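Contents: one structure, followed by commentary.
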């Protein structure tokens, strides 16, 4: 047998037709039509961002520690806001976790994971920051109005602005222990730099109840008959009133209960 009849061994560099080419890294799947990729981004950024924004807003919002009458202050109770913050944080955490899981199933190349993670984190922060700007709450009283002492002594001075709620005091009026059937009056007076209204009403749970009295003016003395109950006295300039937007009030006659 001649040397030409003997086949030379195949070269190491030779590749059979069935052998895959492993010299180049595998291509990352197309992301444009990948449902896992886009669903992960949507849940991570949008749902997670809105949920975290709700939690952050609830933690930083003004609240009242007296949940028995939150409508008086036009703000929610602190306990209710804490529940909202916890719920928002839990929903946001679930959204972020689910988004990461879906993005993991999208089959991203390792070289793309870190840039995508940084971009998603920035987008999440942008959503948290932009949501309050995009959805501006309606105008209204912000914060808890200042609470006045009771009785309100002569010389007490405070400012009143045009709003739904303003400086207030809340009192529990008992019966006269010596004459339970004696009439009860609340009386007082003030001078103001502009027209100011006093709203006197029974407090009923979380709302202002019936039995209201109201008087407005810049120089006022008043006396109203009331019953034994919990009452709220509220100084304010109604939103419907044209003209003054603010005034300074000075109590000229002690605001007190008289039997």
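The values are calculated or read from the model by the stated rules, or taken from the named source; none is laboratory data. What you see is a predicted model; the values in this text were computed from it and never measured. Don't worry about glycine lacking a Cβ; one is built from the backbone with ideal geometry, like all the others, and counts go over all protein chains shown.
Residues of segment 156-180 that are farther than 12 Å from residue 226 by Cα and more than 37 Å from the chain's Cα centre (by Cα): 176, 177, 178, 179, 180.
Quick check on residue 80: is it modelled with pLDDT under 80 and farther than 16 Å from residue 56 by Cα?
no
So in segment 56-69, with the set limited to residues that are assigned to a helix (DSSP H, G or I) and surrounded by fewer than 20 Cβ atoms within 10 Å (Cβ to Cβ), which one is modelled with the lowest pLDDT? The qualifying residue modelled with the lowest pLDDT is 60.
Taking first residues from segment 115-142 that are outside the structural domain of residue 49 (by TED's automatic domain parsing) and partners that are in a loop (DSSP other than H, G, I, E, B) and modelled with pLDDT of 55 or more, the Cβ contacts under 7 Å between residues at least 6 apart in sequence or on separate chains come to 140/164; 141/163; 141/164; 141/165; 142/62.
Tell me yes or no: at least one residue of segment 144-151 is modelled with pLDDT of 75 or more, surrounded by 14 or more Cβ atoms within 10 Å (Cβ to Cβ) and assigned to a helix (DSSP H, G or I). The answer is no; no qualifying residue exists.
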